[in-house]
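Undergrad: My questions all concern the structure below.
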Amino acid sequence: MLPLFQIGSTGQGSIGETAVFQRKVGEIVFAYTVRRLLMLIPVLIGMSIITFSIVHAIPGDPARAILGDKATPEAVEKIRTHLGLDQPLYIQYFEYVKGLLQGDLGESLITQRPIAEEIGPYLAGTMELALLAMGIAIFFGMNLGILSAWRHNSAVDYTAMVIALIGVSMPVFWLGLMEQWVFAQELGWLPSNGRIDPRLGFEPITHFYLLDSLIKGDFYAFNDAFNHMILPAVALGTIPMAIIARMTRSSMLEVMRSDYVRTARAKGVSEFLVIYKHTLKNAFIPILTVFGLQMGLLLGGAVLTETIFSWPGVGQYLVDAINNRDYPVIQSGILIIATLFVLINLIVDLLYAAVDPRIQYGKE
Amino acid sequence: MSAQPTPSPVTTQDPKTEGEEREALNSSLRDAWRSLFRHRSAVIGGGIVLFFILLALIAPLLVPYGFNQVDADARLQAPSAAHWFGTDDLGRDIFTRIVYGARISLWVGFFAILGSIIVGSLLGLIAGYYGGWKDIIISRVFDTLLAFPSLLLGIAIVSMLGPSLENAMYAIAIINIPNFGRLMRSRVLSVKQEDFVLAARAVGMKDWRILLKHVMPNSWTPIMVQGTLGFATAVLEAAAFGFLGLGAQPPEPEWGKMLSDSRQFIQSAPWTMIFPGMAIMFTVLGFNLLGDGLRDILDPRMKQ
């Protein structure tokens, strides 16, 4: 973690001045946090309107669209009452939002079970996969970018950037299929789908399988769950990795030219420390912003990756719901992922504010 | 805040004469064109894009088969002289389907991006130029659209409209609107402060004329760069919708749909999966390279 407000203290002011300065900055960051939270309100309202519209903006009769053309009028009438489609639109919307605020995500038309209950394990599945994918993306992306910047304009740089460019252009679902073909089918190194070998009869607790197997001390299950994660996580992490690599490279190149880096080198600081301590610290700020944006790509990509690897996550849940025309599940699945995305961006923004005191928080 | 120009009884004239303006635009275009050719990635990217456009245009002349020509005797055949990229489970020639698929991908990408540029720019212009409540409403709409991971928003839209290629195109257009809208808005905000716009306003030029003659021409560069890069995303998104069964429907030779059909034959006939994926990747790569090149040449500031 970076030290807070390191740039503000130049070492020239007295300790008292520094304290005053830090308190002032603290107030600004607090005000920014409040403002940022308030800005969430219209976005969340907008999001609820969009997910609400998924059912209500279906051209024609939503009830008929859900049941298909062959449904009897009685069945259509029943579903209409069940979903409250016979009420005026504004009442339906307020009922919907009231439900959401009480944690009621509706009921699946297929399983007849509350979605809020059903979605938990799927959500854990997606989050576990996304976290590993993001970890891969950050670790390899940043190091690839650093390597590129360090050996600027060399063969290493060109190779790394070609890899990054191909990574950006690669459809995640194609990469997933290629991985399945090579590593699962041809070489047989890794399992091609699912989260864990069903023969293990693993009983999850939190539904984060890696965590659960550790809690239980079942290392065989841990190993199996991890092996199942590798292919989908690599597929999902590739595009963000490529983008992070490109961003890291350009950001590092800029900082490397600065005087203080030259000074550090002149002082005889080892190259490793110059790169990972002096340069990366300041190059990190623009890189941080791409993390937040990449999470959107990652969560969208999760829908595709989960479909390919039969990974029981929210994406798979959503795609099944689309195929079954289970509209309440489609609504809630999208709302949950979008909310997750908004929260991640909120955290990134706040981190950004904490890390970089140079931005003006008062203005947009 | 308010940008209402005061009506002036005097006949107004542009701060710059039309000839001068056109000459300046022409010479900057010539410069850009020249450096475009010197820029390696732009040339490679442009070449790839041109290749796929040509492929799409002359598709019927290039291949002896129809894209939906079923041949029960030639099912899942490996690549050969008769079938360069092999055949699929219905015995259809994969090369033929890829060539025709280029038409679909480019068509969807072009119209989707054109749509989002038109709507996004218009909204961005209004928000940036007029400010006030119009800006607040439009910006919040953009924020809301951007709050969704774009593919998810697309899925929401397609599940409302029903799965089809056309609806996937609308979805792609809608999810890309805020990108262009925000870009245009920020350009307008900076151009608005320029002397020539203030001058035009001072002499009582009408709002729409200022927007059309001064603000638009000074904002199109980043939009074009973003449009080229957005084309790459649109092709990817169209393929993703096809893959999920929300875009092109059978028997359309859409690349993403071809990939999803190939899933059952990964082991026995990997060519059914390799070639459509490569087609998507190279098209996207071409537009990405071209977009990066254009950005370096036309608008070095955007690199940040």
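The values are calculated or read from the model by the stated rules, or taken from the named source; none is laboratory data. These numbers were taken from a predicted model, which means no experiment stands behind them. Don't worry about glycine lacking a Cβ; one is built from the backbone with ideal geometry, like all the others, and counts go over all protein chains shown. What goes into the accessible areas is simple: the full protein's heavy atoms, side chains included, and nothing from ligands, DNA or RNA. Shrake-Rupley method; radii C 1.70, N 1.55, O 1.52, S 1.80 Å.
Undergrad: Could you list, ordered by first residue, the pairs with Cβ atoms under 8 Å in which the first is in the range A:180-203 and away from every other protein chain (no Cβ under 14 Å) and closer than 15 Å to A:PHE226 by Cα and the second is open to solvent by 70 Å² or more (accessible area, probe 1.4 Å) and not hydroxyl-bearing (Ser, Thr, Tyr), at least 6 apart or interchain?
TA: Within 8 Å, the pairs are A:TRP189/A:PHE183; A:LEU190/A:PHE183.
Undergrad: Which residues, counting only those in the range B:63-80, are surrounded by 14 or more Cβ atoms within 10 Å (Cβ to Cβ), in contact (Cβ under 8 Å) with a residue 24 or more places away in the chain and of a type in the set (A, V, I, L, M)?
TA: B:VAL63, B:LEU76
Undergrad: Name the pairs: first residue in the range A:217-231 and more than 14 Å from A:ARG199 (Cα to Cα), second residue open to solvent by less than 10 Å² (accessible area, probe 1.4 Å) and outside any helix (DSSP H, G or I), Cβ to Cβ under 8 Å, at least 6 apart or on different chains?
TA: Sorted first by the residue in the range A:217-231, then by its partner, the pairs are A:LEU231/A:PHE309.
Undergrad: Please go through (1) assigned to a helix (DSSP H, G or I); (2) more than 8 Å from chain B (Cβ to nearest Cβ); (3) among the small types (Gly, Ala, Ser) for A:SER310 and return the number of the only condition it doesn't satisfy.
TA: So A:SER310 meets the others, but not (1).
Undergrad: Checking the conditions here, which among A:GLY300, A:GLY315 is in contact with a Pro (Cβ under 9 Å, 6 or more places away or on another chain) and within 11 Å of chain B (Cβ to nearest Cβ)?
TA: A:GLY300
Undergrad: So which residues in the range B:245-257 are within 12 Å of chain A (Cβ to nearest Cβ), in contact with a Ser or Thr (Cβ under 8 Å, 6 or more places away or on another chain) and open to solvent by 20 Å² or more (accessible area, probe 1.4 Å), if there are any at all?
TA: Within the range B:245-257, just B:GLY245 meets the criteria.
Undergrad: State yes or no: is A:SER148 in a helix (DSSP H, G or I), of a type in the set (Ser, Thr, Tyr) and more than 26 Å from A:THR289 (Cα to Cα)?
TA: no
Undergrad: Check A:LEU231, A:LEU236, A:LEU211 and return the single one that is buried (at least 16 other Cβ atoms within 10 Å of the Cβ) and out of contact with any Gly (no Cβ under 9 Å at 6 or more places or on another chain).
TA: Residue meeting the stated conditions: A:LEU211.
Undergrad: Continuing with this model, one more query. Of the residues that make up the range A:61-73, is at least one surrounded by fewer than 16 Cβ atoms within 10 Å (Cβ to Cβ) and modelled with pLDDT of 80 or more?
TA: Yes, there is a match, as at least one residue in the range A:61-73 is surrounded by fewer than 16 Cβ atoms within 10 Å (Cβ to Cβ) and modelled with pLDDT of 80 or more.
Okay, residues lined up against (1) open to solvent by 60 Å² or more (accessible area, probe 1.4 Å); (2) of a type in the set (Asp, Glu); (3) at pLDDT 90 or above; (4) more than 24 Å from A:THR307 (Cβ to Cβ):
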site	(1), (2), (3), (4)
A:PRO191	no, no, no, no
A:ARG195	no, no, no, no
A:TYR220	yes, no, no, yes
A:THR248	no, no, no, yes
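Undergrad: Which is more than 8 Å from chain A (Cβ to nearest Cβ), of a type in the set (Val, Ile, Thr) and assigned to a helix (DSSP H, G or I), of B:ILE118, B:ILE155?
TA: Sole residue among the options that is more than 8 Å from chain A (Cβ to nearest Cβ), of a type in the set (Val, Ile, Thr) and assigned to a helix (DSSP H, G or I): B:ILE118.
Undergrad: To continue, here is another question. Among A:ILE50, A:ILE58, which is the only one that is surrounded by 16 or more Cβ atoms within 10 Å (Cβ to Cβ), of a type in the set (Val, Ile, Thr), within 14 Å of chain B (Cβ to nearest Cβ) and not in a helix (DSSP H, G or I)?
TA: A:ILE58
Undergrad: Scanning the range A:320-350 for residues that are more than 11 Å from the chain's Cα centre (by Cα) and at the interface with another protein chain (Cβ under 8 Å from one of its Cβ atoms), which turns out most open to solvent (accessible area, probe 1.4 Å)?
TA: Among those that are more than 11 Å from the chain's Cα centre (by Cα) and at the interface with another protein chain (Cβ under 8 Å from one of its Cβ atoms), it is A:ASN323.
Undergrad: Being more than 10 Å from chain A (Cβ to nearest Cβ) and at pLDDT 90 or above is the filter; apply it to the range B:258-278 and report the residue that is surrounded by the fewest Cβ atoms within 10 Å (Cβ to Cβ).
TA: The qualifying residue surrounded by the fewest Cβ atoms within 10 Å (Cβ to Cβ) is B:PHE275.
Undergrad: Of the numbered conditions (1) more than 12 Å from chain A (Cβ to nearest Cβ); (2) closer than 18 Å to B:SER164 by Cβ, B:PHE241 fails exactly one; give the number of that condition.
TA: Condition (1) is where B:PHE241 drops out.
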